[in-house]
Amino acid sequence: MTYLGIDLGTSGLRALLISQDGQAIGAAESHYSVSHPHSGWSEQDPAAWIVALEAAIGQLRAAHPEFSQLKGVGVAGHMHGATLLDAGGHVLRPCILWNDTRSHVEAARLDSTPDVRALSGNIVFPGFTAPKLEWVRHHEPDMFARVAKVLLPAAYLNFYLTGRYVADMSDSAGTSWLDTGARRWSTELLKAGHMRPDQMPDLVEGSQPAGTLKPELAARWGVSRDVVIAGGAGDNAAAACGIGALSEGQGFVSLGTSGVLLAARDGYAPAPETALHTFCHAVPDRWHQMGVMLSATDSLNWLSRMTGRKPADLTTALGSQLKAPGRVRFLPYLSGERTPHNDADIRGSFTGLGTDTTVEDLTQAVLEGVAFGLRDSAEALRATGARLEALFAIGGGAASRLWVEMIATVLGVDLILPKSGEFGAALGAARLGLVAATGQPVEAVMTPPDTGSVISPARDLGAAFDHAYRQFRAAYPALKAIQ
């Protein structure tokens, strides 16, 4: 038997086929574009997701005969997107994506509404789904009046696969309509956003069946008609399933364009005032919390563009030996910041520059600034009682061993580099499909990957980085005062 994981990303879709024992058989990718009709807007045509899915399926079928043994599918998707459907299930307008900021006024109004934070467990960010619908209500009232269902991107693919309106808990927790502690739609939150319960999809856990593959798709794909579609997950919850982070003390640091520090939680401990995201996990009776910084490797990529040097060349020039923090400080707020500041307007800065400052000094400062931004998230997580023990380090930035050692030192935890192979959101989605189809225990399926190496903090530099972090924290109020 085989199982399929679909990772619906912002710029492309990845499909991963795995075997009964969880080993990767093959993968396929297909890409699409994002539209930016106005400054701060970010939209996508859901039809492009279907084209990409069918293209990926075609690649897998052609390359891997095992595809015909498909028994389960899981979908992971970029969160918060508003896909609006009419009563006939037709898409009304392009999906408003997670990084669209047009609804900042509506988000602020919802966030200040009594009990919204208490019920949802989160600040209402402009990227969340509820303020997007408020924007549509204010600016496209005729469109709003036709909305029969609102689906997140992953739920829209579930609808395409099953013909049912079904969403999972982890993805739905990012809407500001879900009672995240009770794991159900909140009538109070829906009312605050001028929405109705009948406009919401049914809720299931991510590892539970959401339906079966539609007969016409089963026939076209050359598979049996009993293929189970799992509830699925938001992208970070799926990545946690792929890395085996299900329980207290488990988590990961993701060094991608943005930076994520995620901790699995056995209980519900929201702290919206910290700008942490507190979401349901993709498996029952578990949650996860994560701090998000908006410019992680994007900060290094920015310096690369400014200097004309490749990111890898910039980090290689620093050598392999971790040094004490330099004089130059970098605040990595190139696109604003989430955790802990919730400040879309703040912008980054260098301080401590001199005539003797080199490109290497700037690179060191950028790496330190990102590490300190991740520590902001770590401090917020620890304040909720989260245990940050050994964490996996994933994402493109984790290719720099020096950077990983710096982050380990700043966070004060061991960071684990997994062996090469599959351990991301597509694997997590495939594992959810396997559990939904077979009923196996999630703990038996969602295990950690093999360890490639463990990077421990440089104990002799811990005090120096602690001091530099305090300077970093003190710089934000001063920067805010002049911007």
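Where a number appears in this text, it was derived from the coordinates with a stated rule and is not lab data. Keep in mind it's a predicted model, so treat the numbers as computed, not measured. Positions of Cβ are generated from backbone atoms using ideal geometry, with glycine treated the same way; all protein chains shown enter the neighbour counts.
Of all DSSP beta bridges in the chain, what percent run antiparallel (nearest 5)?
If I count the DSSP bridges inside the chain, around 70 percent turn out antiparallel.
The Cα-based radius of gyration and maximum Cα-Cα distance (Dmax) for the stretch 2-236 are 17.7, 56 Å.
FRET efficiency for the pair Glu389 and Ile50, taken as 1/(1 + (r/R0)^6) with r the Cβ-Cβ distance and R0 = 41 Å, rounds to 0.50. Among Ser30, Ser19, the ranking by other beta carbons within 10 Å of each residue's beta carbon, starting with the fewest, stands as Ser19, Ser30.
Subtracting the Cα-Cα distance of Ala148 and Arg382 from 0.36 nm times their residue separation leaves 80.1 nm of extension gain.
In percent, what relative contact order does the chain have, based on Cα pairs under 8 Å that are 6 or more apart in sequence?
Working: 1179 pairs, mean separation 77.7, N = 483.
Computed over the chain, the figure is 16 percent.
For Lys419, a cut-off of 27 angstrom between C-alpha atoms picks up these lysines, skipping any fewer than 8 places away in its own chain: Lys310, Lys323. Candidate cross-link partners of Lys214 among the aspartates and glutamates, defined by an alpha-carbon separation under 13 Å and a same-chain spacing of 8 or more, comprise Asp226.
Percent relative contact order of the stretch 2-236, based on C-alpha pairs within less than 8 angstrom and at least six residues apart?
20
Indicate the helices, whole DSSP H runs only, in the chain that combine a mean Kyte-Doolittle hydropathy of 1.0 or more with a Cα extent along their long axis of 24 angstrom or more. Correct list, ordered by number: 46-63. Applying 0.36 nm per residue to the separation of Lys323 and Arg93 and subtracting their alpha-carbon distance, the gain on full extension is 77.6 nm. For the stretch 57-152, averaging the sequence separation of C-alpha pairs within contact (under 8 Å, six or more residues apart) and dividing by the residue count gives a relative contact order of 33 percent. Once the Cα-Cα distance is subtracted from the 0.36 nm per residue extended length, the Thr451 to Lys419 segment shows a gain of 11.0 nm. Peptides 114-126, 179-191 ordered by packing proxy, namely the average of other Cβ atoms within 10 Å per residue, highest first: 114-126, 179-191.
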